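Working notes, structure below.
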Amino acid sequence: MQDRFTHVVEYFLGLMNRAHWYAIIRVLRLLAFPALWIVRPKGSAMPTRIMVINDTQEILELFREILTDEGYEVYLYSYGIQDLAEVERVNPDLIILDHLIGGEAIGWQMLQKLKLRRSTASIPVIVCTAAVKAIQEMEGYMKSKNVGLVLKPFDIDDLLRAVSLALQTYGDPSRSSQTEQTSE
């Protein structure tokens, strides 16, 4: 009987695709970590906007799947944004940025531009990268600017904790209300 049960469970597990696994993980995560529920600005029905910038399409799709399943509105870019007008247009509540884009430190340059411009300086940023040595050299700057860090390869729960922490700790609730007022 035990072998038959094991066989049936293995059969159904084999039929499940990635979306099923994410749904199961999401339910279990919500039960285990209620603090990771969707972060939305107070008094707003708008979902939290997250801009993800990474040069690897597979990573972008993974971010889209994970973050959309959590209820976030996700904007993906596979290149470094040279003109910050695009960031201002999207007006994200959070930016997840790769340090190396196209093999160059374009992400680092973009982070500096974001933090130097008054209109984007308050947007929380998480650097998600595999460039551990390069990031260690910039750790002081990142801490001084309240920039989060998630190292690749990352655990989904670690990513979601970093997103939740960045939005709760460094998110500026007035940013969302400004967007609502200007769109009316």
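Of everything in the stretch 84-98, what is surrounded by 22 or more Cβ atoms within 10 Å (Cβ to Cβ), closer than 13 Å to Q109 by Cα and of a type outside the set (D, E, K, R)? Give them in sequence order. L97 - this is the single residue of the stretch 84-98 that is surrounded by 22 or more Cβ atoms within 10 Å (Cβ to Cβ), closer than 13 Å to Q109 by Cα and of a type outside the set (D, E, K, R). For the stretch 119-141, which residues satisfy the criterion of being at pLDDT 85 or above and of a type in the set (A, V, I, L, M)? Scanning the stretch 119-141 gives A121, I123, V125, I126, V127, A130.
Among the residues making up the stretch 60-77, a single one is part of a loop (DSSP other than H, G, I, E, B), of a type outside the set (F, W, Y) and surrounded by 15 or more Cβ atoms within 10 Å (Cβ to Cβ): E70. Taken as a whole, the condition of being surrounded by 17 or more Cβ atoms within 10 Å (Cβ to Cβ), at pLDDT 55 or above, β-branched (V, I, T) and in a loop (DSSP other than H, G, I, E, B) applies to I81.
Out of the residues in the stretch 153-169 that are among the charged types (D, E, K, R) and either in contact (Cβ under 8 Å) with a residue 40 or more places away in the chain or outside any loop (DSSP other than H, G, I, E, B) (or both), state the one that is surrounded by the most Cβ atoms within 10 Å (Cβ to Cβ). Applying the filter and picking the extreme gives R161. Against the criterion of being among the aliphatic types (A, V, I, L, M), in contact with a strand residue (DSSP E or B) (Cβ under 9 Å, 6 or more places away or on another chain), closer than 24 Å to N146 by Cβ and surrounded by fewer than 18 Cβ atoms within 10 Å (Cβ to Cβ), L116 does not qualify.
Scanning the stretch 97-146 for residues that are assigned to a loop (DSSP other than H, G, I, E, B) and farther than 24 Å from E58 by Cβ yields a count of 11.
The values are calculated or read from the model by the stated rules, or taken from the named source; none is laboratory data. Every value quoted in this text rests on a predicted model; they were computed, and no experiment measured them. Positions of Cβ are generated from backbone atoms using ideal geometry, with glycine treated the same way; all protein chains shown enter the neighbour counts.
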